[in-house]
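The values are calculated or read from the model by the stated rules, or taken from the named source; none is laboratory data. In this text, all values refer to a predicted model and were calculated from it rather than measured experimentally. Cβ: placed from backbone, ideal geometry, glycine included. Neighbour counts: every protein chain shown.
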Amino acid sequence: MESQKLLRELDSLRNEIETLSKTLLQIRYDDFKNIFIQQIQQIFSDESQKLLKTEMCRFDISSNCSRKNECISKIEKVVNETIGLFENDKIDTALALIEEIETKILGSSSPCLDPQCSKFALDFLRQIKCYIAIFNAFKTRVGVEANGNEKRAIHAPSGFSPERVEMILSPLSNAWRIRILELLSTSERTFSELSRQLGLRTGHLQFHMKLLRNVGYIDINRKTHVYFITPKGIAALRGIEEILELISISENHQDFEKMLEVQEMHITR
């Protein structure tokens, strides 16, 4: 009887030791995850700072806009605030700050006087958002939550019917129309200039231009007969770039998951 009691106690002790061992292992793994995500976060923060300095210098050299110094100052302020929020895990607030200035640039009362400057600023802000999106994908896969359990929720678009989505996206589903938008995003052009640069016949170009004008992506100056891209058209191009980048992030995410699985196997051994 005594020996059986002793065996039961030993079994109980062994189970407690195994439970403790698993707990300690989990703590070690959680510490690893936190250290790993902190290092990745610092890398993204440093890269954002480098990008800010490089792009603002390029902006200053390439732009002839009379308000470029004011724009550079505002962008630097917003991005530095964004990086600070990002470093403190305020991801939603950081993205909202960028989206706020994007809305101002694209709005009808935009302070920007030069379409090329607007495109430059939007492209730069998109790159910063892309950095944050990549970091968020890493963080989600690793399983580390932001401080205060702040999460970037993904919701289905509200207020969009399938018919409206088709109306907005259908004109963008043709390579020639994308080329037209890209050309007009760099400078205004006449119909003959577009025809010559694209190598399209008059009838074909008229067909594509009409579709783009109908949805408000491009317009024409009635006095000079010059075509130009509208803020809505700039937003459409930017949206295409963001969709392609998100798809690329999703594809690359699989490689990252495999890397994490290998690391998890080494840690749990």
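Key figures
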item: Residue in the stretch 182-194 that is of a type in the set (S, T, N, Q) and either modelled with pLDDT of 90 or more or more than 30 Å from E99 (Cβ to Cβ) (or both) present; result: yes
item: T93, sole failed condition from (1) at pLDDT below 85; (2) under 17 Å from the mean Cα position of the chain (by Cα); result: (1)
item: Residues that are of a type in the set (G, A, S) and either part of a helix (DSSP H, G or I) or at pLDDT 85 or above (or both), drawn from the stretch 44-90; result: S45, S48, S62, S73, G84
item: Filter pass, T190 being among the β-branched types (V, I, T) and in contact with a strand residue (DSSP E or B) (Cβ under 9 Å, 6 or more places away or on another chain); result: yes
item: K151, sole failed condition from (1) modelled with pLDDT under 80; (2) of a type in the set (D, E, K, R); (3) part of a helix (DSSP H, G or I); (4) surrounded by 11 or more Cβ atoms within 10 Å (Cβ to Cβ); result: (3)
item: Tally of residues being closer than 15 Å to Q116 by Cα and not acidic (D, E) across the stretch 47-68; result: 11
item: Answer from T230, T186, T202 - the residue that is without any contact (Cβ under 8 Å) to a residue 24 or more places away in the chain and either hydrophobic (A, V, I, L, M, F, W, C) or within 16 Å of Q116 (Cβ to Cβ) (or both); result: T230
item: Residue count, the stretch 190-237 (criterion: part of a loop (DSSP other than H, G, I, E, B) and touching an Asp or Glu at 6+ places or on another chain (Cβ under 9 Å)); result: 2
item: Qualifying residue in the stretch 13-32 (condition: at pLDDT 65 or above, closer than 30 Å to Q116 by Cβ and either in a helix (DSSP H, G or I) or touching a Cys at 6+ places or on another chain (Cβ under 7 Å) (or both)); result: no
